[in-house]
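**Q** Structure provided below as structure tokens; questions to follow.
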């Protein structure tokens, strides 16, 4: 018997409750359903929810706390010698027991642990059985409550809507809560980082070299945590990306909205938008394996020394990636300009190009500006392409032919592999994450403001 | 075949400004305008009336080739402006639209200043050599549109901040700023209140004689008030053409009589 059994049983009970209560409501008025306040199926839905919800609450409580309770029971039952020997890392001991409980004996030889594993399995099995009984009891109580409620004038539909309403609200609050939680953890860990490294050094420091000693006995340089080279690298690459994506995206949008026939538009627009669906890791190896050698060879023929990991390559490929963002959002902005504007201009003898330049672009400017900002915020937060194509070495330079690193690349580097969670090095990733989050948030807010402020020009 | 005989009683000897010869317009499968023959004269306001979907707006938009922007729209027959076919290959649409201006159903000033709205056409056509000349054109056009005294102190305000009636007169000023010979008006008062409508109608009256004006309207009273010639369309065909007074007092066709007395439409 597993947890899945409980879910199946609960679903069956809800189904039965639906069928029985629905039938009962019909029987109550001898088939004259117009005498019911709510349609029979709403009585059924209400009963099903009354059965399912209490049962689910019990099940969720078990899923959250079950293993924890069982583990504590096991620990208290272990021989005290074993507990004392492992007093410092009890969690490791528990893991050893659970490993055996779940995967079989393996190489374990300690009888006390084998015994504990057996007890773990039996206790956990009993826990599931107990949960099943409790779930059924809760569901049964809900069922009795629902059956007792069935009456011609019982407002099952209203009640059902109310429950649905609160479930939907709960979902959205959950999403908001998780967002707040993530931001909170970012802020909390960043604060810990800033206790060890002064804020001024992080914001204005020109050297990023997070190599700190992992253990007390290790000899390592004192790390320096100046984030300027990282942000410089990020902005350099984003700038190159915007130089590529801005004109191409905007011109594509102008062509597709103003010049292309509907047939071309219907064909070209979805294909352009497929670009946005290409996984960024694909762009990453496209950059590293195709574009980088191409640029290096091209550079050599021109007498330029382009590093095989360079800001230029990463920026250009990232630019290709964000073309669809620019073009699709600019497209929306241009389509939002009323046709009457275009016709008014054409009717005065303006050419299509004059109409675009003098009427459509100025009218759509707020929307286009916000398209650029949103695309830029995308570029700033992009990770995969720069991890594969930009390089790892912090390098404060404006030369796009050199390798630079970005905030996102450093976060990846800081958190992959074995890390001591409390080291300054690891904590610095949170500070970088927070700084990055604030940057993109600002860009997004500014972009949305821009659109909202100027949208009222047409009703 | 309905009576398409052209009434020449007031215009004998005058050259028509525009001549429409056997024009058919199709949108894909829809045959919107079926073989229209019509002459438009310099000194006249010609009103096109008829129930919705009768093809009057479509015909109007053929006169400055605004239908070109609609993809599956095809125009057959010929439309002559001073004897030249405007659908001929060598015709430059940009030049044509400078000669045949248009005012739309809803006022559509650009989101620019009042001044820039009027100066838009003269600028793109290079009508003014310096700022003073442009100022003159703007003032003269606003003056002709009867708007100068209302807006002369706020030429730098957005055109979109004017009232609906002022916006429509601004659009008329914008159209006359490029010195057109013909002005097409597609239900220019349909979104205006009665007072603004009266002002625009008075303006049309003042402009008549200087420009050949063609106006599409749903309001029979408006057609009667502002036009000298009236054309009645039904289902893409021209049912009757004549002096406005004759159409409204003694229509020759039964369908015209039914329409103007409100029995259908």
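**Q** From A:443, A:450, which residue is buried (at least 20 other Cβ atoms within 10 Å of the Cβ), assigned to a helix (DSSP H, G or I) and in contact with a helix residue (DSSP H, G or I) (Cβ under 6 Å, 6 or more places away or on another chain)?
**A** Selected residue: A:443, the only one of A:443, A:450 that is buried (at least 20 other Cβ atoms within 10 Å of the Cβ), assigned to a helix (DSSP H, G or I) and in contact with a helix residue (DSSP H, G or I) (Cβ under 6 Å, 6 or more places away or on another chain).
**Q** Considering only region B:126-143, state which residues are crowded, with 19+ Cβ neighbours inside 10 Å and under 19 Å from residue B:97 (Cβ atoms).
**A** Listed by number, the residues that qualify are B:137, B:141.
**Q** Applying the selection to region B:96-133, what residues are closer than 15 Å to residue B:64 by Cα and either more than 11 Å from every other protein chain (Cβ to nearest Cβ) or in contact with a helix residue (DSSP H, G or I) (Cβ under 9 Å, 6 or more places away or on another chain) (or both)?
**A** Matches in region B:96-133: B:97, B:98, B:100, B:101, B:102, B:103, B:104.
**Q** Mind checking whether some residue in region A:337-358 is touching a strand residue (DSSP E or B) at 6+ places or on another chain (Cβ under 6 Å), assigned by TED's automatic domain parsing to the domain that holds residue A:233 and within 30 Å of residue A:311 (Cα to Cα)?
**A** no
**Q** Having 1 or more residues that are in the same structural domain as residue A:380 (by TED's automatic domain parsing) and crowded, with 20+ Cβ neighbours inside 10 Å is the bar; report the helices (runs of 4 or more DSSP H) wholly within region A:232-320 that clear it.
**A** A:280-285, A:292-301
**Q** Given the condition out of contact with any helix residue (DSSP H, G or I) (no Cβ under 6 Å at 6 or more places or on another chain), within 26 Å of residue A:6 (Cβ to Cβ) and modelled with pLDDT under 75, answer yes or no: does some residue in region A:115-136 qualify?
**A** So far as region A:115-136 goes, no, none of its residues is out of contact with any helix residue (DSSP H, G or I) (no Cβ under 6 Å at 6 or more places or on another chain), within 26 Å of residue A:6 (Cβ to Cβ) and modelled with pLDDT under 75.
**Q** Having 3 or more residues that are away from every other protein chain (no Cβ under 14 Å) is the bar; report the helices (runs of 4 or more DSSP H) wholly within region A:335-393 that clear it. It would help to see each step written out before you state the result.
**A** Numbers: elements: A:339-347, A:352-355, A:361-381, A:384-389.
It comes to A:361-381, A:384-389.
**Q** A further question on this structure: Counting only residues that are under 19 Å from residue A:259 (Cα atoms) and touching a helix residue (DSSP H, G or I) at 6+ places or on another chain (Cβ under 8 Å), which one in region B:53-70 is farthest from the other protein chains (Cβ to nearest Cβ)? If you could, list the steps in order and put the result at the bottom.
**A** Filtering region B:53-70 for residues under 19 Å from residue A:259 (Cα atoms) gives B:65-70.
Imposing the further condition that a residue be touching a helix residue (DSSP H, G or I) at 6+ places or on another chain (Cβ under 8 Å) reduces the set to B:65-69.
Numbers: B:65: 9, B:66: 6, B:67: 11, B:68: 9, B:69: 7 Å.
Step by step, filter region B:53-70, then rank; the result is B:67.
**Q** If residue B:165 satisfies every condition in (1) buried (at least 19 other Cβ atoms within 10 Å of the Cβ); (2) away from chain A (no Cβ under 14 Å); (3) assigned to a loop (DSSP other than H, G, I, E, B) but one, which is the exception?
**A** It fails just one condition, (3).
**Q** Within region B:71-82, is even one residue surrounded by 18 or more Cβ atoms within 10 Å (Cβ to Cβ), free of Cβ contacts under 8 Å to residues at least 60 places away in the same chain and more than 9 Å from chain A (Cβ to nearest Cβ)?
**A** Yes, because at least one residue in region B:71-82 is surrounded by 18 or more Cβ atoms within 10 Å (Cβ to Cβ), free of Cβ contacts under 8 Å to residues at least 60 places away in the same chain and more than 9 Å from chain A (Cβ to nearest Cβ).
The values are calculated or read from the model by the stated rules, or taken from the named source; none is laboratory data. Computed from a prediction, not measured in an experiment: that's the story for all the values here. Every residue, glycine as well, gets a Cβ built from its backbone with ideal geometry; the counts of neighbours run over all protein chains shown.
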